[in-house]
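Engineer: Questions regarding the structure given below will be posed in turn.
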Amino acid sequence: MTYLFNDPADFATDAVRGLALSHPDHIAVVHGGVVRPTATPKGQPALVIGGGSGHYPAFAGWVGPGMGHGAPCGNIFASPSASQVYSVARNAENGGGVVLGFGNYAGDVLHFGAAAEKLRAEGIDVRIIKVSDDIVSNTPENHRDRRGIAGDLPVFKIAGAAIEAGADLDEAERIAWKANDATRSFGVAFDGCTLPGASEALFHVADGQMGVGLGIHGEPGVRDEPIGSADEIAALLVEGVLAEQPERAADGYRGRAAVIVNGLGTVKYEELFVVYAKVAELLEDAGITPVRPEVGEFITSLDMAGLSLTLVFLDEELEQHWLAPVDTPAFHRGATPAVERPRRETFWEAGADETPESTEESREVATRIAGVLDLFEAVCAREEAELGRIDAIAGDGDHGQGMAYGTKGAAAAAKTALADGAGARTLLVRAGEAWSESAGGTSGALWGGALIAAASTFADDAGSSPRTIVEAVDAGIDAVLRLGGATEGDKTMVDAAIPFRAALADAFTGDNASAAILSAAGVARSAADATADITASLGRARVLGDKSLGTPDPGAISFSILMTELGQHLA
């Protein structure tokens, strides 16, 4: 379990601050994460790599010459928010554009994508690299649709080396994708990890069993098998990865591979060395030469008990960048070029937005909206444990925590906006931004986007009507559909939201929003409960197949709960 923390909600922030204080020559704290304390050379692409916290050395430990220029850091196992990604990218970019690199997870795709859109709107060229090395999470022909695990290390290492060697943005993007397409990983787990402040691990593996095909966010394996000896596990991993070995001489592959044996947090170095001894033997038997193998903890999952094997099938170009020097807090190799790297004196900071003028009517509406957000905070605190329990069965167990953090942040932002004299539209925009940033992850992006979209139906210089409330809910659901890309049957929040919207349209007659919302909320709850009968086809639960059968989707359940509470509150 996690022993050392203060407030669990502040664990990620406290950890990043301590990391920066212990490595002042490598990283500096900015809003949302860390960047190099030295300026990015003018015109050099900025490699911004990130994801949730709980994975150290990934991702803040990889910032420095030869690798990342900055790292947005989300909450534990939750994507950094779009504003965090944007802030780190703005602090790293210096005229050469930005490469945004992250593991291929729904929340990261949403938040990094939203940040990229904002950067592009400001004239900054942005490229996106989604690492997708995990062989169990999709088929070989759909390699780029797999999830990212320990392959983040070599992909970002190779891309960072190419940039250090002079690659421009187009070249950096090409090499990063080339590295991703040459990388394969496979892992096993023996027990789950424990979130800070939690009394139980996110999952357990039965005695004598191991979960095959682990994730790095506390997800269990895709199947359980009897635990084997170190040699047997090594053989399982090597066989799985080599099943996708390219043909010799195809695209320059010569039977040489970067090799990484990665511990997830509890399996110790000596154990990993025992496994690597057999891995090396099996690779030799297969005619593969390991190139600068790495054995240790590179992408962890707090205290998760497990390990993974990663191979990068190298050609001459990839091997050159894999072997190049790098100097970060957690990953060193060789001596980086002795070039002048002047320290920065200032960093970009988001300015405090002026509060637009508002009328008394709009401020009254804003006060009522703030009351709804207070209610949502209380409800999500009450439901946190149960939502987490549901999510842990076929996900990563953080949905309850994410909803609690998001509503808490939104309610606090609403209070501040009220104190600043904000009207209804401005209050909802700020609350949505705060929900997204406080929660991170998929739910944070979707609920934050929903509140911002709902704001468009209100005004800072006018009151509201029952129809305004219904239109706001409708606009929020539109945003969820647009951002998330899910449809009915994917086993997501949308499975409750779409029936809710249809029922709301049928029930609302123009003068009683609360009755219509309550009626539609009943339909949403029935639809949410029915998701227990289907398997997930989107999100982290997708790769776990039938493990989600019998359990409803936590996002659909939380949506139906909040809509029920909203209807009761309005009544």
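Just so it is clear, none of the values below were taken in a lab; they were calculated from the coordinates. What you see is a predicted model; the values in this text were computed from it and never measured. For neighbour counting, all protein chains shown are included, and Cβ atoms are generated from backbone atoms with ideal geometry for every residue, glycine included.
Engineer: Using only Cα atoms and rounding to the nearest 10 degrees, what angle (0 to 90) does helix 230-242 make with the longest principal axis of the chain?
Structural biologist: 80
Engineer: Using the 10 angstrom Cβ neighbour count as an exposure proxy, how do S456, S185, S558 rank, fewest first?
Structural biologist: S456, S558, S185
Engineer: Related question: Applying the Karplus parametrisation 6.51 cos²θ - 1.76 cosθ + 1.60 with θ = phi - 60° to the phi angles of segment 398-407, what ³J(HN,Hα) value in whole Hz is obtained for each residue in order, glycine and proline being reported as x?
Structural biologist: For segment 398-407, the Karplus-derived couplings read 9, 5, x, 5, x, 5, 5, 5, x, 5 Hz, x marking Gly and Pro.
Engineer: For a test of the definition: using alpha carbon positions, the gyration tensor, and the 1.5 limit on a/c, classify segment 1-131 as rounded, prolate or oblate.
Structural biologist: Oblate, because a/c is 1.5 or more while a/b does not exceed b/c.
Engineer: Given H placed on each backbone N at 1.01 Å, which residues far from V291 in sequence or on other chains put an amide H within less than 5 Å of it?
Structural biologist: Distant-sequence amide H within range of V291: A257, A258, V259.
Engineer: Still on this model: Around D191, which amide H atoms from residues at least 5 apart in sequence, or from another chain, sit under 5 Å from its own amide H, with H modelled in the peptide plane?
Structural biologist: The list, which skips near neighbours in sequence, is A305.
Engineer: Short version: ³J(HN,Hα) in whole Hz for each residue of segment 496-502, in order, from phi by Karplus 6.51 cos²θ - 1.76 cosθ + 1.60 (θ = phi - 60°), x for Gly and Pro, what are they?
Structural biologist: 9, 5, 5, x, 4, 5, 5
Engineer: Explain nothing, just compute: Karplus ³J(HN,Hα) = 6.51 cos²θ - 1.76 cosθ + 1.60, θ = phi - 60°, for every residue of segment 160-165 in order, whole Hz, x for Gly and Pro.
Structural biologist: The phi angles translate into x, 5, 4, 5, 4, 7 Hz.
Engineer: With an 8 Å Cα cut-off and a minimum separation of 6 or more residues, compute the relative contact order for the chain in percent.
Structural biologist: Rounded, it is 13 percent for the chain.
Engineer: I've got another one for you. Taking the number of other C-beta atoms within 10 Å as the exposure measure, put W62, W177 in order starting with the fewest.
Structural biologist: Listing W62, W177 from fewest to most nearby Cβ atoms yields W177, W62.
Engineer: Shape verdict for segment 432-508, please, from the Cα gyration tensor: rounded (a/c under 1.5), prolate (a/b greater than b/c) or oblate.
Structural biologist: oblate
Engineer: Still on this structure, I have one more. How far is helix 360-394 tilted off the main Cα axis of the chain, in degrees rounded to 10, range 0 to 90?
Structural biologist: 40
Engineer: Taking the Cβ of each residue in L282, L153, L562 as the centre, tally the other Cβ atoms inside 10 Å and list the residues starting with the fewest.
Structural biologist: Ranking L282, L153, L562 by Cβ neighbours within 10 Å, fewest first, gives L282, L562, L153.
Engineer: Using modelled backbone amide H atoms (1.01 Å from N, in-plane), which distant-in-sequence or interchain residues come within less than 5 Å of V131's amide H?
Structural biologist: F102, G103, N104
Engineer: Sticking with this one: Please give every one of the lysines within straight-line cross-link reach of K130, meaning a C-alpha to C-alpha distance under 16 Å, and leave out same-chain neighbours fewer than 8 residues apart.
Structural biologist: Leaving aside lysines fewer than 8 places away in the same chain, those within reach of K130 are K157, K178.
Engineer: Taking square-rooted eigenvalues a ≥ b ≥ c of the alpha carbon gyration tensor, is segment 156-260 rounded, prolate or oblate, where a/c under 1.5 means rounded and, failing that, a/b exceeding b/c means prolate?
Structural biologist: Here segment 156-260 falls in the oblate category.
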